[in-house]
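Down below is the structure, laid out as structure tokens.
Bear in mind that the values in this text are calculations on the coordinates, not laboratory data. What you see is a predicted model, and the numbers here were worked out from it, not measured in a lab. Note that we place each Cβ from the backbone using ideal geometry, even for glycine, and neighbour counts take in every protein chain shown.
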Amino acid sequence: MYQKIDGNKFIIDKNYRVTIFSDSLLRLEFSEQGVFDDALPVILEPDFSKDPQFRVQTDDGKFIVTTDCFELVLLPDGRM
């Protein structure tokens, strides 16, 4: 269901990408073609040099990211 492509980037069902920048900030992307923009977003503060602490799991087809600040549950059809 998902593929880890970097320390904090995941491709989900070929059409979604989740990038985790910190315990409280992430980027969700959707692409019908499965092509994603690798340019870094403009983030001025704070410095995200510390690796984010998170846990990724799947349950009944759901993709779940949990940090100290949030839990994201992405359903198989892309709904949250």
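The residues of region 52-67 that are over 13 Å from the mean Cα position of the chain (by Cα) and part of a loop (DSSP other than H, G, I, E, B), listed by number, are Asp60, Gly61. Scanning region 59-74 for residues that are among the hydroxyl-bearing types (Ser, Thr, Tyr) and touching a strand residue (DSSP E or B) at 6+ places or on another chain (Cβ under 7 Å) turns up just one, Thr66.
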